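**Student:** Could you have a look at this structure, given as structure tokens, before my questions?
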Amino acid sequence: MMGNHSVEKIGGTSMAATATVFDNVLIAGREGAELYNRIFVVSAYAGMTDLLLEHKKTGAPGVHARFVNNDGEECWREGLEDVRNAMHERNATMFARAGSRDEADAFVDQRIDSLAACLEDLDRLRSHGRFSVKDQLMTVREMLAGLGEAHSAHSTALLLRHRGVNARMVDLTHCGEEDQASLDERILAALEPIDLTRELPIVTGYAGCSDGMVRRYARGYSEMTFSRIAVLTQAREAIIHKEFHLSSADPKLVGKGKARKIGRTNYDVADQLANLGMEAIHPRAGRGLRQTDIPLRVRNTFDREDEGTLICGNYVSDRPKVEIVTGVPTVHALQFFEQDMVGEKGYDAAILEALTRHGAWIVSKSSNANTITHYLTATGKTVARVLEELQGAYPGAAISAQKVAMVSVIGSDIARPGLVPDALVALDRAGVGMMAMQHQIRNVDIQFVVDCADFETAVRALHKALVETTAAADGRRAA
């Protein structure tokens, strides 16, 4: 199994485009032996995990949120039936043969009925005042998360077998005594009997294990499964299939003709993207690939002929340049001012403890003699709770928070002389006032803090000055 294969992950939006995934990724013109020596890790079809847990963007409650809230006797049951109907509808679009659709629907029904029975038992327990199921709610979340990936893996393997491919569903979601095993142990045991030269494993992105995938990695669990499989099997390459190219900026902001595919970069850049919430790969997943020198390729599912962007640990661009302009349209700038901070220790640790306790994600931070500023992605309620706690602990401090935007220019090496002045001139000409700026010695990114209303203008201005203009100059030199 070691060394002569790829491990590939297909994201949820790509999975939903079933015909394209088969034509461009799973089959893509291959025949015979060419179909094998690949392991696929699949996400749930787009929208399924939102129905099972909660909507990733809007927060609209799914089955788990409804079960936790316990609001109305039939509330979570109706949510689970919505999932059943959505999965049946998805099967209807994929399976032309009635017998195959029946088989796919039966698999869904068996899993949902088993899960419903478990939830019913927990519901009966909590109806008695002496019992509390609070400690079991995370387990419920884990079980629900795995249902989406079990559905997609089963359907994909079944469709592949219809096309003559010797595909096997590798179900890491199943609950049982083996769940006390670690993630690595689950993966190794499941893949050990498979001959990659003759079988095509379709692996669930969720894995039931002792650590709890959702508990540790939130919605990034499928990328952790993907990463660990690549590391444990010593893959020659890890590949993620997304619905877009990894580009120099959001094409919707700067224009499709102006955004450029990156092509090559390194894991430092991937980490910066993850920190801003625009993941090429989950940072913990990237760490394993980086440490074992496995290159990561990000490909566009809808662009079959393009090789995508290759991410390597040791890559540095042949000359200093900006590769990506991106950012966060709204972050909370939490400022902690204390005159007595000069020369004293402990303030930073106390702030970090409060932020960790309330689950606020730190995008960036800065400090001087008496002020510490953290830029956070968190809800307004979370920030308010942090402010209240810190103000109670330090009544003499001036603590405040305001919404700002952060625009970051990123590259494997951005140590170009004059880059910062060029950026400042571009912002000024676009009428964007800069509130703050941070430039690290490592020369991987520069962060510009601007007013929220100026976010899109700032991205366009910086992309034009630092990416488009530079690319045009390179073209003239080459000519």
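**Student:** Could you work out how far apart the two model spin labels at K134 and E89 are, taking each label as a point 7 Å from the Cα in the direction of the beta carbon, and quote it in nm?
**Tutor:** So the two model labels end up 3.7 nm from each other.
**Student:** Additional query: Once label points are set 7 Å from the Cα along Cα→Cβ at both R357 and A116, what is their separation, rounded to one decimal in nm?
**Tutor:** 4.3
**Student:** How much net charge surrounds Y217 when only the other residues with a Cβ under 10 Å from the Cβ of Y217 are counted, with Lys and Arg +1 and Asp and Glu -1?
**Tutor:** After counting each charged neighbour, the total is +2.
**Student:** Identify all lysines with a Cα-Cα distance to K365 below 19 Å; exclude those on the same chain that are fewer than 8 residues away in sequence.
**Tutor:** Qualifying lysines at Cα under 19 Å: K345, K403.
**Student:** With an 8 Å Cα cut-off and a minimum separation of 6 or more residues, compute the relative contact order for the range 357-404 in percent.
**Tutor:** Working: 39 pairs, mean separation 13.9, N = 48.
Answer for the range 357-404 is 29 percent.
**Student:** Dipole of the range 1-121 (Lys/Arg Cβ +1, Asp/Glu Cβ -1, origin at the Cα centre): which of A46, L115, L80 lies farthest to the positive side?
**Tutor:** A46
**Student:** Once you charge only the Cβ atoms, +1 for Lys and Arg and -1 for Asp and Glu, what is the size of the charge dipole of the range 103-174 about its Cα centre, to the nearest 20 debye?
**Tutor:** Values: 9 positive and 11 negative charges, 36 e Å.
That gives the range 103-174 a dipole magnitude of about 180 debye.
**Student:** Quick check: Cα centre of the range 31-93 to Cα centre of the range 233-303, how many Å?
**Tutor:** Using only Cα atoms to place each centre, the spacing works out to 25 Å.
**Student:** To continue, here is another question. For a label point 7 angstrom out from the Cα of N166 toward its Cβ, which stretches of the range 28-52 have the backbone nitrogen within less than 18 Å?
**Tutor:** Answer for the range 28-52: 30-40.
**Student:** Here is a further query. Which of the lysines could a cross-linker span from K134 if the Cα-Cα distance has to be under 24 Å and same-chain partners fewer than 8 positions apart are dropped?
**Tutor:** Within the straight-line limit of under 24 Å, K134 reaches these lysines: K56, K381.
**Student:** Going 7 Å from the Cα of R198 in the Cα-to-Cβ direction, what parts of the range 27-66 have a backbone nitrogen less than 11 Å from that spot?
**Tutor:** Under 11 Å, as judged by backbone N against the label point of R198, lies no residue of the range 27-66.
**Student:** Setting aside same-chain residues fewer than 8 positions from K258, which lysines have a Cα under 22 Å from its Cα?
**Tutor:** List returned: K242, K321, K464.
**Student:** Sticking with this one: About the Cα centre of the chain, what is the dipole size in debye to 20, counting +1 per Lys and Arg Cβ and -1 per Asp and Glu Cβ, all else neutral?
**Tutor:** It works out to roughly 1240 debye.
**Student:** How are the C-alpha pair distances of the chain spread across 10 Å bins, as whole percents from the shortest bin up?
**Tutor:** Result, from short to long distances: 4, 17, 25, 25, 18, 8, 2, 0 percent.
**Student:** Top to bottom by accessible area (1.4 Å), largest first, where do K134, K57, K403 land?
**Tutor:** K57, K134, K403
**Student:** I would also like to ask the following. May I ask you to derive the relative contact order of the range 103-254, considering only C-alpha pairs under 8 Å and at least 6 residues apart, and to give it as an integer percent? Could you put the intermediate results ahead of the total?
**Tutor:** Numbers: 143 pairs, mean separation 30.8, N = 152.
Over the range 103-254, the number comes to 20 percent.
**Student:** For every helix of n ≥ 4 consecutive DSSP H residues, a contribution of -39,500 (n - 2.57) applies; sum these over the chain, divide by its total residues, and give [θ] at 222 nm rounded to the nearest 500 deg cm²/dmol.
**Tutor:** Using -39500 (n - 2.57) per qualifying helix, the result is -12500 deg cm²/dmol.
**Student:** So, one more: Indicate the helices, whole DSSP H runs only, in the chain that combine a mean Kyte-Doolittle hydropathy of -0.5 or more with a Cα extent along their long axis of 18 angstrom or more. Please list the in-between numbers first.
**Tutor:** Details: long enough: 75-94 (29 Å, -1.09); 98-126 (41 Å, -0.46); 137-162 (39 Å, 0.33); 380-393 (20 Å, -0.06).
Going by DSSP H runs, the hits are 98-126, 137-162, 380-393.
**Student:** For the pair R429 and H174, what calculated FRET efficiency results from E = 1/(1 + (r/R0)^6), where r is the Cβ-Cβ distance and R0 = 60 Å, to the nearest 0.05?
**Tutor:** Efficiency for this residue pair is about 0.55.
**Student:** Ok, one more. Expressed as a whole number of Å, what is the distance separating the alpha-carbon centroids of the range 104-164 and the range 1-27?
**Tutor:** 25
**Student:** Quick check: residue separation of E307 and E338 times 0.36 nm, minus the Cα distance between them. What number comes out in nm?
**Tutor:** Values: separation 31, 0.36 × 31 = 11.16 nm, distance 5.26 nm.
Here the segment from E307 to E338 would lengthen by 5.9 nm.
**Student:** Also: Quick one: go through the range 249-285 and flag any residue whose amide nitrogen is under 13 Å from the point 7 Å out along the Cα-to-Cβ line of S367.
**Tutor:** So the set is empty, nothing qualifies.
**Student:** Please name which of N69, S227, H439 has its Cα lying farthest along the dipole of the chain towards the positive end, using unit charges on Cβ (Lys, Arg +1; Asp, Glu -1) and the Cα centre as origin.
**Tutor:** Value: H439.
**Student:** Along the charge dipole of the chain, Cβ charges K/R +1 and D/E -1, which of M278, V407, P320 sits furthest on the positive end?
**Tutor:** It is P320, whose Cα lies furthest towards the positive end.
**Student:** Probe radius 1.4 Å, ligands and nucleic acids ignored: give me the carbon and sulfur share of the accessible area of the range 396-444 as a rounded percent.
**Tutor:** Values: 1280 of 2450 Å².
On the range 396-444, the fraction of accessible area on carbon and sulfur atoms equals 52 percent.
**Student:** For the chain, what does the relative contact order come out to in percent, with C-alpha contacts under 8 Å and a separation of six or more?
**Tutor:** Across the chain, relative contact order equals 14 percent.
**Student:** Something else now. Once amide H atoms are built 1.01 Å from N in the peptide plane, which residues 5 or more positions from W361, or in another chain, come under 5 Å H to H?
**Tutor:** When sequence neighbours closer than 5 places are left aside, the close amide H contacts are T377.
**Student:** Here is a further query. First measure r as the distance between the Cβ atoms of D109 and L188, then evaluate 1/(1 + (r/R0)^6) with R0 = 35 Å and state the FRET efficiency to the nearest 0.05.
**Tutor:** 0.65
**Student:** Enter the accessible area of M437 (Å², nearest 10), with the probe set to 1.4 Å and all protein chains included.
**Tutor:** The accessible area comes out at roughly 70 Å².
**Student:** So, one more: Size of the dipole of the range 397-473 about the Cα centre, Lys and Arg at +1 and Asp and Glu at -1 on the beta carbon, nothing else charged, in debye to 20?
**Tutor:** Values: 6 positive and 8 negative charges, 11 e Å.
In total the dipole reaches around 60 debye.
**Student:** Determine the percent antiparallel among the DSSP beta bridges restricted to the chain, to the nearest 5.
**Tutor:** 60
The values are calculated or read from the model by the stated rules, or taken from the named source; none is laboratory data. Keep in mind the model is a prediction, meaning the values are calculated, not measured. Cβ coordinates were reconstructed from backbone atoms using ideal geometry, including for glycine residues, and neighbour counts include every protein chain displayed. Side chains included, ligands, DNA and RNA excluded: accessible areas come from the protein's heavy atoms. Shrake-Rupley method; radii C 1.70, N 1.55, O 1.52, S 1.80 Å.
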